[in-house]
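These notes are about the structure you will find just below.
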Amino acid sequence: MTPTTKTGMLDRLLKDGIPATVEALSHEETLALTDEVCAHNYHPIPVVITRGEGAEVWDKEGNRYYDMVGCYSALAHGHRNYAVMKAALEQMQRVTLTSRAVYTAEMAVFLAALCEFCDAEMALPMNSGTEAVETAIKLARKWAHTVKGVPRGKAEIIAAEGNFHGRSIAIVSFSTEDQYHEGFEPLTPGFSIVPFGDAPAIERAITPNTAAVLLEPIQAEGGIIVPPPGYLAEVRRICTERNVLLIWDEVQTGFSRTGRRFAWQWEDAKPDMMALGKALGGGLYPVSAVVGRRDVLGVFQPGDHGSTFGGNPLACAVGLAALMEMLRHRLDERAEELGAVLREGLQPLVGDQVKEVRGKGLLVGVEFHASAGTARDRIPKLLDRGILTKDTHQQTLRFAPPLTISREQLDDAIRRIREALA
Ligand code: PLP
């Protein structure tokens, strides 16, 4: 491995200190150094962000943007939310990292609050969304083998075409996006795929060995795909009738993003387990969790699963502040109201270039006709107008601003988007 000889980084850091070294890197140097030393698993927009405040970010040259990527829904509270930062700073003055070898009151209070917020009986804290989904998969398999009576090694999980649940080997094994699993074989067996939005297909796919149905209530990475009305409730009905666990992956749609605390609440579709992440970290710190029924989470025995950082006191303090902010500021109501404004504001774009504007709450997709070029082609024009956003799935631009964005900011952002996409 070549050290960063090009820059002599360690010497520079020792001489100038961290802030000055970071500050001194120009736009071009930041791009070049990142390309040199970071594996190329992303294709970032060529913008170097130096500061964030609420719904806005600034780049090296001082240009201001509305952050409509919103860290893929993780920035529900906006950049540097004061209450979340204050809770973190206060916690940092006591204790931040303990391991699960001991108890902390922070974790007890956090999980009690989280269960109440989610109408769940038990929770298990993790760090990333991927880990939350992995944890739910393990719980479902163990539940099937030890409670449902599925023969060992035979548990199956049904997922949907176009799913996105993270990047671990088990999870990419049932991704229908070829790039996500090609070259990473051998893949994990035990998953079957049905079309998204088709409840009868789930009913047909269930076998005596089916442990769970794992779905996003709205496929976000898949292109902001909202299933037909009645789908969520129908999936719930089928799972109950066939003794199959229903797991909603609310990592991206959860915590007020779609105008409800959780997207499944748009219908009568309460899950047996939910995977949570992103916004639970208050825009500050990775915090994720699985929540659900006691008889499902209860199948884990000491040693079955774990995480060094999962449930650390700092994460719990941040998660608690994130929940409280969400309640205090009724972020679900804001998302519903402002989401309608955003969709209505972008609707006039539908025509020669734009095929559809869709979404729920402040999770909005603008899909371009295949003949009109890709969504990524539009990013430079949007940047020129002070809008930072990203394509999802070739033809669709995603708009997921912080839920704390003001009405004035949103109106201004809509005007800029319309100019850029006209
Ligand atoms: N599940 C869903 C629905 C997601 O959208 C994502 C990330 O975008 C994940 C899981 C994975 O979360 P993380 O990137 O925090 O591991």
Given the structure, is residue 155 more than 16 Å from the ligand (Cβ to nearest atom), within 22 Å of residue 204 (Cα to Cα) and open to solvent by less than 30 Å² (accessible area, probe 1.4 Å)?
-> yes
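For region 140-186, which positions are part of a strand (DSSP E or B) and of a type in the set (Asp, Glu)? Lay out the reasoning, then the answer.
First, the residues of region 140-186 that are part of a strand (DSSP E or B): 156-160.
Answer for region 140-186, where residues must be part of a strand (DSSP E or B) and of a type in the set (Asp, Glu): just 156.
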May I ask you to list the residues in region 85-126 that are in a loop (DSSP other than H, G, I, E, B) and of a type in the set (Gly, Ala, Ser)?
-> 99, 101, 120
Out of (1) touching a residue at least 24 places away in the same chain (Cβ under 8 Å); (2) open to solvent by less than 50 Å² (accessible area, probe 1.4 Å); (3) of a type outside the set (Ser, Thr, Tyr); (4) over 30 Å from residue 71 (Cα atoms), the odd one out for residue 216 is which?
-> (4)
Among 66, 42, which is surrounded by 20 or more Cβ atoms within 10 Å (Cβ to Cβ) and either within 22 Å of the chain's Cα centre (by Cα) or away from the ligand (no atom under 16 Å from the Cβ) (or both)?
-> 66
Top-ranked residue in region 278-295 [being surrounded by fewer than 24 Cβ atoms within 10 Å (Cβ to Cβ) and not in a helix (DSSP H, G or I); ranked as nearest to the ligand (Cβ to nearest atom)] | 286
Filter region 164-180 down to residues that are free of Cβ contacts under 8 Å to residues at least 24 places away in the same chain and open to solvent by 50 Å² or more (accessible area, probe 1.4 Å) and give me whichever is farthest from the ligand (Cβ to nearest atom).
-> 178
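Can you tell which of 298, 311, 339 is open to solvent by less than 50 Å² (accessible area, probe 1.4 Å), in contact with a strand residue (DSSP E or B) (Cβ under 6 Å, 6 or more places away or on another chain) and either touching a residue at least 40 places away in the same chain (Cβ under 8 Å) or away from the ligand (no atom under 15 Å from the Cβ) (or both)?
Just one listed residue meets the conditions, 311.
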Top-ranked residue of region 210-265 - restricted to ones that are among the polar types (S, T, N, Q) and part of a loop (DSSP other than H, G, I, E, B), ranked as nearest to the ligand (Cβ to nearest atom) | 252
Taking region 84-129, which residues are within 16 Å of the ligand (Cβ to nearest atom) and either open to solvent by 40 Å² or more (accessible area, probe 1.4 Å) or more than 22 Å from residue 305 (Cβ to Cβ) (or both)?
-> 128
When region 249-261 is checked residue by residue, the ones that are hydrophobic (A, V, I, L, M, F, W, C) and within 15 Å of residue 227 (Cβ to Cβ) are none
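The values are calculated or read from the model by the stated rules, or taken from the named source; none is laboratory data. This one's a predicted model, so the numbers in the text were calculated from it and none came from an experiment. A quick note on method: Cβ atoms are made from the backbone with ideal geometry, for glycine too, and the neighbour counts reach across all protein chains shown. In case anyone asks, the SASA skips ligands and DNA or RNA and just uses the protein heavy atoms, side chains included. Shrake-Rupley method; radii C 1.70, N 1.55, O 1.52, S 1.80 Å.
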